[in-house]
Amino acid sequence: MIKVIKSEKNSLQIEIDNLTLAELLRVELWNDEDVQNAAWQRDHPIKNPVLFIQTKSKSPKKALIDAISRIEKINDSVVDEFKKSIK
């Protein structure tokens, strides 16, 4: 589950029900030169993390979509390598 909490021109806050996914997105967002800030916060261990994204000029939604695309490519590459290694 992903829930948009706040969406503005250069900032986005989304609640994600998976801490691992929030961390993966945070790390990959930092690979985008237009991202000024990417961080997550969790108020309590039983609560979902909130991912914060701030950008310079690009839409934060676009930065998020770009990060997801890069993660998908990395994932596909890992799967391909795994399939080759077990043959």
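Taking a 32 Å limit on the Cα-Cα distance, which of the listed pairs K61/K87; K47/K73; K3/K87 fall beyond it? Checking Cα-Cα distances, K61/K87; K3/K87 exceed 32 Å. The long axis of helix 19-29 is offset from the longest Cα principal axis of the chain by roughly 90 degrees. Coordinate range of the alpha-carbon atoms in the chain per principal axis, descending: 48, 34, 17 Å.
Please report the spacing between the Cα centers of segment 3-26 and segment 43-72 in Å, no decimals. Using only Cα atoms to place each centre, the spacing works out to 4 Å. For segment 11-54, applying the loop criterion from DSSP together with a ceiling of 14 other beta carbons within 10 Å to the chymotrypsin sites (Phe, Trp or Tyr not before Pro) yields W30. Calculated [222 nm] ellipticity per residue, helices only, for the chain: -14500 deg cm²/dmol; basis is -39500 (n - 2.57) per DSSP H run with n ≥ 4, divided by all residues, nearest 500.
With a cut-off of 8 Å between alpha carbons and a minimum separation of six or more residues, what is the relative contact order of segment 2-85 in percent?
Values: 127 pairs, mean separation 24.6, N = 84.
Rounded, it is 29 percent for segment 2-85.
Loop only by DSSP, 10 or fewer other Cβ within 10 Å of the Cβ. Give me the GluC sites (Glu not before Pro) in segment 1-48 that pass, ordered by residue number.
Values: sites: E8, E15, E23, E28, E33; in loops: E8, E33.
Those satisfying the criteria are E8, E33.
Values quoted throughout were computed directly from the atomic coordinates according to the rules given, and no laboratory measurement underlies them. Note that the coordinates shown come from a computational prediction; the quantities given were computed from them, not determined experimentally. Note that we place each Cβ from the backbone using ideal geometry, even for glycine, and neighbour counts take in every protein chain shown.
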